[in-house]
Amino acid sequence: MEDQTQNTEVVKRPASSFDKCYLQLIILLIPLSILGGFAVHAVSVARGAAIRMLCCGNMNQQCCAFEYYHDEHGSYPPAYTGLCDYSL
């Protein structure tokens, strides 16, 4: 009779359903993370475009205000009047 302590045969276990689910989860998460990265980039690009539009709108309002002032007073508003005391 052979001694069982000398039996060094490696028993390979079959792939369990847990291993398959884990692999499927990894395969699913890789494309989702890539799509998430694209979405974050698209949101930042849209935010930058919105900020640029807001700045252009503000500049347009200032230009219109200067033109209305010029039409009403015949000249553009003064850059410095000397009436303000900034020596606080």
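Taken together, the values in this text are just the output of simple stated rules run on the coordinates, not laboratory data. Fair warning: this is a prediction, and the values are worked out from it, not measured in the lab. No Cβ is skipped: glycine too gets one built from the backbone with ideal geometry, and neighbour counts run over all protein chains shown.
Approximating the spin labels as points 7 Å out from Cα along Cα→Cβ, the ALA46-to-ILE34 distance works out to 2.2 nm.
Each residue of the stretch 65-77 is assigned a 3J(HN,Hα), and the resulting list reads 5, 5, 5, 5, 4, 5, 5, 7, 10, x, 8, 6, x Hz, derived from the Karplus form 6.51 cos²θ - 1.76 cosθ + 1.60 (θ = phi - 60°), x at Gly and Pro. If the chain linking LYS20 and GLN62 were pulled fully straight, counting 0.36 nm for each residue of separation and taking away their Cα-Cα distance, it would gain 8.7 nm.
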